[in-house]
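**Student:** Provided herewith is a single structure, encoded as structure tokens, for subsequent inquiry.
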Amino acid sequence: MRKGLVIFLILLVGVIIAADRVGLWVAQDQIAKNVASQYDLDHKPEVKIKGFPFLNQALNGRYGEIDVNVGDVTQLGVHLTNTVVTLKGVKAPLSDALHGDASQMVADTATSVATVSYADVDKQAPRGLKVSAKGKELQVRGPVTVLGLSRTVTATVTVRPSGRSVRVLPLTVDAGGTTIPVTLVQQAFSFTMPVKGLPQNTRISDVQIGQDGLRVTTTGEHVNLESLNEH
């Protein structure tokens with residue numbers, strides 16, 4: 001009798017775990033389809049709902065963390081690569097999670113990381129300036145007039161977050177092997193680049209220099225999942 005009860009309990013636990021995993025897979029798949037539709041993607045992103053058991057989170061309508069690997073996406077003419085979104089403290093009714101409906105899903109915090117190519121950065125820079133990476137440094141090359149003389153110079157710059165934009169400021173300037181005072185080109189090589197396509201209620205929190213582009217991190221609070229493709 002005890003042996004039969006043990007076997008029954010083992011089978012019951014197996015059924016519960018199987019149901020939990022199936023529910024998890026269905027929810028992840030539906031959310032992935034919803035994100036692909038919102039972003040007009042030609043691929044389905046990878047979605048991971050973390051935490052176990054899934055059904056307990058679903059019944060409570062609150063999920064500890066949802067990770068969405070969007071990959072490549074184009075927003076307002078800007079091509080973003082290696083885009084990853086991390087959502088924490090997501091509130092969503094059970095039916096919405098199972099059907100991938102993002103309209104009522106709200107995250108306590110949302111963090112997205114994506115690379116903006118230097119070709120797209122150039123489009124936001126003042127006319128005539130070209131942005132590129134040299135090792136761990138970012139350089140801006142372009143014409144400037146100093147003391148009545150026009151010449152092409154290269155400035156090593158720093159980048160920093162500025163709300164929903166990236167602020168570029170020169171650190172050193174080289175004019176064909178001759179170092180000139182930064183103050184002489186400060187105005188020409190200082191500019192702010194707005195980053196298009198950011199989700200509502202988010203701001204840029206970090207900018208890192210990469211070989212292929214700027215790796216931009218955005219953070220926000222009380223973000224509706226449906227707003228992730230709004231600008």
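The values are calculated or read from the model by the stated rules, or taken from the named source; none is laboratory data. Since this is a predicted model, take the numbers as computed values, not measurements. Neighbour counts run over all protein chains shown; Cβ positions are idealised from the backbone, glycine included.
**Student:** Is there any pair linking a residue in region 74-91 that is part of a loop (DSSP other than H, G, I, E, B) to one that is surrounded by 15 or more Cβ atoms within 10 Å (Cβ to Cβ), with Cβ under 6 Å and at least six apart or on different chains, and which?
**Tutor:** L76/K196; L76/G197
**Student:** Here's a check for you: in region 153-179, which residue that is among the hydrophobic types (A, V, I, L, M, F, W, C) and over 26 Å from the mean Cα position of the chain (by Cα) is surrounded by the fewest Cβ atoms within 10 Å (Cβ to Cβ)?
**Tutor:** Filtering first and then ranking leaves L171.
**Student:** I'd like to check which strands (runs of 3 or more DSSP E) are fully inside region 138-230 and have at least 3 residues that are over 30 Å from R62 (Cβ atoms), modelled with pLDDT of 85 or more and among the polar types (S, T, N, Q).
**Tutor:** 149-162
**Student:** Identify all residues within region 34-63 that are out of contact with any Gly (no Cβ under 7 Å at 6 or more places or on another chain) and assigned to a helix (DSSP H, G or I); write none if there are none.
**Tutor:** V35, A36, S37, Q38, Y39, N56, L59, N60
**Student:** With the structure loaded, tell me whether V47 is outside the structural domain of E221 (by TED's automatic domain parsing), modelled with pLDDT of 80 or more, farther than 16 Å from T217 by Cα and crowded, with 19+ Cβ neighbours inside 10 Å or whether it fails that test.
**Tutor:** No, not satisfied.
**Student:** Right, another one. Only one residue in D101, D96 is at pLDDT below 85, crowded, with 16+ Cβ neighbours inside 10 Å and part of a loop (DSSP other than H, G, I, E, B), so which one is that?
**Tutor:** Testing whether each residue is at pLDDT below 85, crowded, with 16+ Cβ neighbours inside 10 Å and part of a loop (DSSP other than H, G, I, E, B) leaves just D101.
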